[in-house]
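See below for the structure under consideration.
The values are calculated or read from the model by the stated rules, or taken from the named source; none is laboratory data. Treat the numbers as computed from the prediction; the structure is a model and nothing was measured. Ideal geometry is used to build each Cβ from the backbone, glycine not excepted, and the neighbour counts take in all protein chains shown. Accessible surface areas use protein heavy atoms only, side chains included; no ligands, DNA or RNA. Shrake-Rupley method; radii C 1.70, N 1.55, O 1.52, S 1.80 Å.
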Amino acid sequence: MNYMYLWQHYFIFWYYVTELVEAHVPYKTIMLEDPDVCSEITRRGVKFEPASAINLTQSRLSDHSLRWATSVNCNFRLKPKNKRDGIMVVIQELSFRRDDSTQECIDYIQFKPERGRPSPKICGYLSARSVMSSQLDVFDTTSKDNTFISNDGDLDVSVYISKNALKPDETTRINIIFTLYNYCLYSPNDYIPCLESREYCIHKDYFFDGVINCPFFGCIDENGCNEVLVTSNSVGNKVLIGSATTLVFTFMVFIVCLYICRKQRKFCWSDNFASPNTTTQTQTTRVIEMNESPIQPANATPSQSNDQEDKDLPPSYESLFPSRQKYFSCFLLQNTYIKAAAKIKLDYVETAIDDCTKAIDLNPDYVKAYLRRAKLYEKSEKLDESLKDFTKILDLEPANNEARAAAIRLPPMINERNEKLKEEMMGKLKDLGNLVLRPFGLSTENFKLQQDPNTGGYSVNFQQNHKR
């Protein structure tokens, strides 16, 4: 297969696809909601790359049906990389509120160049397609209602949106394009003049792209305002299409590379990928050895085979480092005991008992852990378990005073608890019997237990209620 021929046609195909969807979109989109762009205290800096443009828009700020807690006061500074570059501003679409009585702007946007006078506060409803379609002044070709030109240096932008809720017939919308330009006398070869006077030049990619970049009447960079197809989301859609096309292109290149590597048996498809330093002869010999069944001598016994297998096993960690294993066990034991003491202070009885049990598992002769767990059992009214731990302590330390006192104190407490439980159980059984016998006009008082003094057995005597 001729791979050069395949690659050539592949790139030709993607060239036409990218041209079709206009994948090359030299616009950088910034949002008013982005904290890296807007700040109420300081002016954030947004840098211009050479021959680039910026699209300013908004997303959730358009949902203004409720009153906000604070007004939006966004301030940022556009910084061209080359100080000789100027900035053209064209408001593609704007819908900001204006007071009907005073004609003052409720919401506004304002531009202030590094040197020169700032623009007035701009508000109301503006559409570049309608504003720039007709020239009102024969001698002035600049559309001043929706444009601004910063000759050189940085440009400060201020956007203010009031916190008051929108009326039902009001909307908030902003879509502005900032384009770098050069004076045509100093511009590179890929720059084209906006006017025949050849004063302002912008990059050729901004001509006939559906977005108005030149701030002059007639939408001259789009061959007339009727050719403008820009909406509030057109630039974002073009960027999305370009990104998706690039992603698909990268994925296709990856698939083709995988196919070629597999076809040519390169990388992970090569025969010696797992062990590249071994030869084919060595690999064949190893396969034969693995397939062979182990042959034992005729006089070999199973115990000898087991001994041989044990010799092949690596030594254990305990045999290699006995002192470290002992140190680790002691450290773990002490740590578990300290955790139990801390949980007692926090009144975590159950988890403290678990920690004491872990300490006893590590060292079955750990008297302190038994003593602490016995006290916790007694505190949680588990008297039987407590007595069992105190008895274990007496086996380990017969002279332990706390354990000896508990061995005297706990048995009467256990007997008293058992008697209370027995009385409570008998009372519940009696109530249950009365509940069953009541429909028949009887109760448990009608049945008396009498013990035979000779045999020690019990007999049940029925006594009927006497009618009055």
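For the range 49-132, report the accessible area per residue in Å² (1.4 Å probe, heavy atoms, rounded to an integer).
52 Å²
Label R173 and D156 with points 7 Å out from Cα along Cα→Cβ: what is the distance between them in nm?
Going from the R173 label point to the D156 one covers 3.1 nm.
In the structure shown, do any of K81/K121; K28/K121; K379/K428; K28/K263 have a Cα-Cα gap over 30 Å, and if so which? Could you put the intermediate results ahead of the total?
Working: K81/K121 27 Å; K28/K121 25 Å; K379/K428 27 Å; K28/K263 42 Å.
With Cα atoms farther than 30 Å apart: K28/K263.
Please list the non-local residues whose amide H lies under 5 Å from the amide H of A53, H modeled 1.01 Å from N, same-chain partners needing a gap of 5 or more.
Those lying under 5 Å, H to H, from A53 are K28.
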